[in-house]
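Here the structure is laid out as structure tokens; the discussion comes afterwards.
The values are calculated or read from the model by the stated rules, or taken from the named source; none is laboratory data. Not measured: the values here are computed from a predicted model. All Cβ positions, even for glycine, are placed from backbone atoms using ideal geometry, and neighbour counts span all protein chains on display. The area values use the complete protein model at the heavy-atom level, side chains included, leaving out ligands, DNA and RNA. Shrake-Rupley method; radii C 1.70, N 1.55, O 1.52, S 1.80 Å.
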Amino acid sequence: MDPLEPASTLRRIAALTEAALSELAQANSPAAIAAVRRSALGKSSPLAAVRRELGRYAPASRKQLGIALSEAHQRITALLDQKLITEPALEHPLDPTVPGLPPPTAGLHPVTQLRYDLDDAFRALNFEIVEGPEISSAEMEFDRLNFPADHPARESMDTYWLADGRCLRPHLTGASVRHLSTHEPPVRIAYPGRVYRNESTDARHERAFFQYEVLVVDEAVPLATARFLVDTILGTVFGEPVRTRMRAGYFPFVEPGFEIDMACRVCAGRGCRTCGRTGWLELMPGGSPHPHVLRGAGLDPARWSGCYLNVGLDRLAMMRYGIGDVRLMHSADLRFLSQFA
């Protein structure tokens with residue numbers, strides 16, 4: 001004789017199955033369907049309790065009861081899947097004309113907030129804020145910017161190339177030529193946007209990140225304009241003077257060219273992982289637009305000159321908020337983002 005009589009258990013399984021199917025038939029919302037799933041098939045459900053008791057039955061009875069439980073699970077699951085298809089996914093009909101409302105604790109992403117602050121500062125200086133396409137061409141990103149044909153930046157190890165021969169913009173500088181080609185100087189533009197580089201990620205580098213470019217083109221623009229623009233950017237970001245250094249640097253699209261570093265604010269210049277243990281963070285390249293670049297935009301370099309800066313918004317945000325790893329800003333981790341609400 002079996003240690004336990006399976007007949008009553010079979011009747012119990014059948015009753016529980018019918019009860020779940022009846023309850024599911026009345027469920028008319030995603031929340032109600034989810035509740036039935038938990039009550040009928042969850043770890044604390046009566047059917048799960050029956051399955052845990054199978055060891056108390058004789059082997060032949062265990063097989064019979066196991067088959068009954070599997071059939072019950074299949075019937076309930078089939079109706080659940082059907083309900084999920086036929087019932088609306090939202091509790092209320094979607095009205096796309098209603099403007100979205102952020103939750104009470106919502107705030108702007110730190111990079112977005114920084115961009116808006118810089119936009120306001122440069123608008124006050126009579127700069128125009130412009131935008132451009134993220135998918136560009138070799139002509140705009142390299143040829144017109146004085147990059148040699150064999151420059152390593154053109155390789156797929158640095159730039160993302162598409163099957164049709166176009167590329168994801170590796171920098172914002174192509175926007176300068178694009179804008180100058182259609183606008184007569186004098187020109188004052190600020191150009192924020194995302195760029196893409198095919199490189200390994202670490203605490204200071206990401207494959208997709210944000211830059212902020214500033215360009216002035218006019219007659220007889222002094223190079224000292226760069227210092228004023230740097231002070232404008234950093235004063236806007238930090239609200240106080242920032243220690244910087246300017247180093248000679250080579251970039252194909254400027255002549256002369258320089259790099260500007262700022263003292264690392266994560267470690268106060270002592271050296272940390274963020275600044276590569278140097279105490280300085282490479283902030284932006286700059287210089288005067290190269291004559292070849294001006295010619296590529298249809299301008300006469302004998303008449304026109306300018307000043308160019310390109311700053312990494314992600315790194316500025318890291319310095320502004322004391323963020324030690326750039327990857328956090330692209331993680332979509334609410335634990336990180338909620339700190340800036």
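Work out how much length T86 to R303 would gain on full extension: take 0.36 nm times their residue separation and subtract the Cα-Cα distance, in nm to one decimal.
71.2 nm
What whole-number value in Å² describes the accessible area per residue of the range 193-284 for a 1.4 Å probe?
Heavy-atom accessible area per residue stands at 47 Å².
First measure r as the distance between the Cβ atoms of Q113 and E219, then evaluate 1/(1 + (r/R0)^6) with R0 = 41 Å and state the FRET efficiency to the nearest 0.05.
0.70
Counting only protein heavy atoms and using a 1.4 Å probe, what share of the accessible area of the range 1-70 belongs to carbon plus sulfur, as a whole percent?
Its accessible area is 57 percent carbon and sulfur atoms.
Between the range 154-205 and the range 44-69, what is the C-alpha centre distance in whole Å?
The range 154-205 and the range 44-69 have Cα centres spaced 64 Å from each other.
Can you list the GluC sites (Glu not before Pro) in the range 188-278 that are in a DSSP coil and have 15 or fewer other beta carbons within 10 angstrom?
For GluC sites (Glu not before Pro) across the range 188-278 that sit outside H, G, I, E and B with at most 15 neighbouring Cβ atoms in 10 Å, the list reads E199, E219.
Can you give the net charge of the other residues whose Cβ lies under 11 Å from the Cβ of A302, counting K and R as +1 and D and E as -1?
Its environment carries a net charge of 0.
Which percent of the accessible area of the range 158-231 is formed by carbon and sulfur heavy atoms (probe 1.4 angstrom)? Walk me through the numbers before you get to the answer.
Numbers: 1630 of 3260 Å².
Carbon and sulfur: 50 percent of the exposed surface of the range 158-231.
Where the accessible area of the range 286-341 is counted over protein heavy atoms with a 1.4 Å probe, how much of it, in %, is carbon and sulfur?
Roughly 51 percent, rounded to a whole number.
Could you work out how much longer the chain between Q26 and F336 gets when fully extended? Use 0.36 nm per residue separation minus the Cα distance between them, nm to one decimal.
Here the segment from Q26 to F336 would lengthen by 107.5 nm.
Where in the chain are the DSSP H helices whose C-alpha atoms run 18 Å or more along the long axis and whose mean Kyte hydropathy is at least 1.0?
On the way: long enough: 6-26 (30 Å, 0.30); 59-86 (41 Å, -0.10); 110-124 (21 Å, -0.56); 224-238 (21 Å, 1.28).
TM-like helix candidates: 224-238.
Out of [x] 59, 55, 40; [y] 71, 45, 42; [z] 105, 45, 43, which label holds the value of Cα extents along the principal axes in Å that was computed here?
Computing Cα extents along the principal axes in Å and matching it to [x] 59, 55, 40; [y] 71, 45, 42; [z] 105, 45, 43 gives [z].
From the protein chains alone at 1.4 Å, what is the descending order of accessible area for W280, W304, W161, largest first?
Greatest to least solvent exposure: W161, W280, W304.
What's the extension gain from V98 to I135 if we count 0.36 nm per residue and subtract their Cα-Cα distance?
Contour length minus Cα-Cα distance gives 10.1 nm.
If you take the charge dipole of the chain about its Cα centre, with +1 on Lys and Arg Cβ and -1 on Asp and Glu Cβ, which of Y321, L10, P99 is farthest toward its positive end?
L10
With contacts defined as alpha carbon pairs under 8 Å and 6 or more residues apart, what's the relative contact order of the chain in percent?
So the answer I get is 15 percent.
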